[in-house]
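The values are calculated or read from the model by the stated rules, or taken from the named source; none is laboratory data. All of these numbers come straight from a predicted model, not from anything done at the bench. Here Cβ is always computed from backbone atoms with ideal geometry, including for glycine, and neighbour counts include all displayed protein chains. Quick note on the areas: whole protein, heavy atoms, side chains included, nothing else; ligands and nucleic acids left out. Shrake-Rupley method; radii C 1.70, N 1.55, O 1.52, S 1.80 Å.
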Amino acid sequence: MRFGAKKRPFYRIVAIDSKSPRESRAIDFLGYYDPKKEPALLKIDKDKVLELIRKGAQPSQSVLKLLKREKIT
């Protein structure tokens with residue numbers, strides 16, 4: 001989910017049901033990513049992410065890159 005002002009993005013990493021609309025309510029908040037900080041700030045709850053992946057959740061391409069960067073998957 002994108003937050004922040006114009007040209008100052010801030011992202012929340014969330015779990016959303018794939019059958020629901022793009023801007024629907026999140027099932028769970030997993031962390032956040034702020035690309036404008038130097039270095040980019042990334043905070044992910046590793047336990048929640050691994051639990052959801054074990055249950056069958058599939059991360060998006062963007063989130064998958066962030067997870068690999070943090071060596072979670």
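Does residue 36 satisfy being open to solvent by 80 Å² or more (accessible area, probe 1.4 Å), at pLDDT 90 or above and not in a strand (DSSP E or B)? So residue 36 passes the test. The set of residues in region 13-33 that are modelled with pLDDT of 90 or more and open to solvent by 100 Å² or more (accessible area, probe 1.4 Å) contains only 29.
Can you spot a residue in region 41-54 that is without any contact (Cβ under 8 Å) to a residue 40 or more places away in the chain, open to solvent by 80 Å² or more (accessible area, probe 1.4 Å) and assigned to a loop (DSSP other than H, G, I, E, B)? Taking every residue of region 41-54 in turn, none turns out to be without any contact (Cβ under 8 Å) to a residue 40 or more places away in the chain, open to solvent by 80 Å² or more (accessible area, probe 1.4 Å) and assigned to a loop (DSSP other than H, G, I, E, B).
Which ones in region 55-73 are open to solvent by 100 Å² or more (accessible area, probe 1.4 Å) and either touching a helix residue (DSSP H, G or I) at 6+ places or on another chain (Cβ under 6 Å) or outside any loop (DSSP other than H, G, I, E, B) (or both)?
61, 65, 68, 69
Taken over region 13-33, residues that are without any contact (Cβ under 8 Å) to a residue 24 or more places away in the chain, part of a loop (DSSP other than H, G, I, E, B) and touching a strand residue (DSSP E or B) at 6+ places or on another chain (Cβ under 8 Å) amount to 1.
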